[in-house]
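K.L.:
Please read through the structure below; I'll follow up with questions.
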Amino acid sequence: MDAELVWKTWRRILREPELHESVLAGAIDGRAHGLSPEEARIAADYAAHSKMTRWAVETYRFRLERGALFALGTGAPLTLRLLESAGVDTREVARRYLRSVGYGDDGPHVYRSCAAFLDFLRRHPPSAPVRELVDTIALESTVVSLIRQLADAPESSWPARPSEGEPQPRRYVQSGTGRVVSTTHALASWLAQPELVAANTAAAEPEHFLVYVPSVDSDYDIAELSRTAKQLFDALASPRSFDEVRSSLPPDDDDEHDAALETFLSLGVVRAEMTS
């Protein structure tokens, strides 16, 4: 038999539930599964050793389940903790997710796997409602997306602070190293003390968070923002002078705007641009 064809057929048995069940039942209809005559003969050989085939498939899938939950816990620990505290069978959720992606194996690409898992949870939440789940998914999807975006970013993506005595810049703009997420529940206490997830529910109060990566060598961080600071950050999606930004925002918050801009510059999520 052709070794490559055997491998490809085996991969199909691993990843296609209907073909897998047919092999274990010893009732293989090659046409029904789109198998060539040679592939059908290979599948029949696996069916002839159904006990070992079952063990290999179940071992493979168990490893993928553990890998998917590891990825979720790495990139979205708050979401995983919330599901567990709500009594959700996370292994069953992992199985449903893996079936939806054909038992694909992302290998070492943990954040890619986490992003796909979070997207699945967004589209197919657990049958028992978990009230804060939409918010934790939104927040941690942003974390994972930003990490993936900046994984290969050059060091120049993080702006340097202007030195004292340099001409003052006239425009400011988001650097791309931070994003703002708004939630409908108060998650700040959970972020500070994750053990509280199992102890109480989050208040139904809106909050705003800045997800950012401080430098090319740093892990991500999350900072809570006021409504005014969020408005300022949103206003800097395109280059604008500070006077232009101020004129578009409530004048009563000018002092807070000044403080927020200084914070954004210090965190590197906003860069200063000189104009000619």
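The values are calculated or read from the model by the stated rules, or taken from the named source; none is laboratory data. Fair warning: this is a prediction, and the values are worked out from it, not measured in the lab. Because the Cβ atoms are built from the backbone with ideal geometry, glycine has one as well, and the counts that use them run over all protein chains shown. Accessible surface areas use protein heavy atoms only, side chains included; no ligands, DNA or RNA. Shrake-Rupley method; radii C 1.70, N 1.55, O 1.52, S 1.80 Å.
K.L.:
May I ask you to compute the full-extension gain from Ser50 to Ala25, defined as 0.36 nm times their residue separation minus their alpha-carbon distance, rounded to one decimal in nm?
P.N.:
8.2 nm
K.L.:
What is the distance in Å between the Cα centroid of the range 237-276 and that of the range 48-110?
P.N.:
That distance is 45 Å.
K.L.:
Ranked by accessible surface with a 1.4 Å probe, highest first, in what order do Phe62, Phe70, Phe242, Phe209 come?
P.N.:
Phe70, Phe62, Phe242, Phe209
K.L.:
Hey, got the dipole for the range 171-240? About the Cα centre, +1 on K and R Cβ, -1 on D and E Cβ, debye to the nearest 20?
P.N.:
440 debye
K.L.:
When the accessible area of the range 167-273 is split by element with a 1.4 Å probe, what percent falls to carbon and sulfur?
P.N.:
46 percent
K.L.:
Can you tally the net charge around Ile137? Count Lys and Arg as +1, Asp and Glu as -1, for every other residue whose Cβ sits under 9 Å from the Cβ of Ile137. Spell out each step's value before the answer.
P.N.:
Numbers: positive: Arg122; negative: Asp119, Asp135, Glu140.
Value of the local net charge: -2.
K.L.:
Over the range 167-273, average the accessible area per residue using a 1.4 Å probe and give it in Å², no decimals. Don't jump to the answer; show the numbers that get you there.
P.N.:
Details: 5370 Å² over 107 residues.
On a per-residue basis, the range 167-273 sits at 50 Å².
K.L.:
Let me ask something else about it. Give, in nm to one decimal, the length gained when the segment between Ser238 and Ser85 is fully stretched (0.36 nm per residue of separation minus the Cα-Cα distance). Walk me through the numbers on the way to the answer.
P.N.:
Working: separation 153, 0.36 × 153 = 55.08 nm, distance 4.11 nm.
Taking 0.36 nm per residue and subtracting the Cα distance, the gain is 51.0 nm.
K.L.:
With unit charges on the beta carbons (Lys and Arg positive, Asp and Glu negative) and the dipole taken about the Cα centre of the chain, which residue among Ser157, Gly178, Phe62 sits farthest to the positive side?
P.N.:
Of the candidates, Phe62 comes out farthest on the positive side.
K.L.:
Along the positive direction of the dipole of the range 3-123 (beta-carbon charges: Lys, Arg +1; Asp, Glu -1; about the Cα centre), which of Pro77, Ala115, Gly26 reaches farthest?
P.N.:
Of the listed residues, the answer is Pro77.
K.L.:
To the nearest 10 square angstrom, what accessible area does Arg99 show with a 1.4 Å probe?
P.N.:
Spelled out: Arg99, probe radius 1.4 Å, area about 110 Å².
K.L.:
How much area per residue is accessible in the range 3-123 when the probe is 1.4 Å and only protein heavy atoms are counted (Å²)?
P.N.:
Solvent-accessible surface per residue comes out at 53 Å².
K.L.:
What's the local net charge at Trp190, with K and R +1, D and E -1, over the other residues with C-beta under 11 Å away?
P.N.:
Counting the neighbours of Trp190, the net charge comes to -3.
K.L.:
Find which of Leu14, Tyr103, Ser266 sits farthest along the positive direction of the dipole of the chain, computed with +1 on the beta-carbon of Lys and Arg, -1 on that of Asp and Glu, about the Cα centre.
P.N.:
Positive-end residue among those listed: Leu14.
K.L.:
Hey, another quick one. What value, in deg cm²/dmol to 500, does the helix sum -39500 (n - 2.57) over DSSP H runs of n ≥ 4 give at 222 nm once divided by the residues of the chain?
P.N.:
Calculated from helices alone, the mean residue ellipticity at 222 nm is -16500 deg cm²/dmol.
K.L.:
OK, next. What is the spread of the Cα atoms of the range 167-273 along each of their three principal axes, largest first, in whole Å?
P.N.:
Principal extents (largest minus smallest coordinate, Cα): 51, 37, 19 Å.
K.L.:
Can you give me the relative contact order of the chain as a percent, contacts being Cα pairs under 8 Å and 6 or more apart?
P.N.:
Working: 346 pairs, mean separation 44.6, N = 276.
Value for the chain: 16 percent.
K.L.:
May I ask you to derive the relative contact order of the range 3-123, considering only C-alpha pairs under 8 Å and at least 6 residues apart, and to give it as an integer percent?
P.N.:
24 percent
K.L.:
Moving on. Could you size up the charge dipole of the range 1-148 around its Cα centre, putting +1 on the beta carbon of Lys and Arg and -1 on that of Asp and Glu, and report it in debye to the nearest 20?
P.N.:
So the magnitude is around 180 debye.
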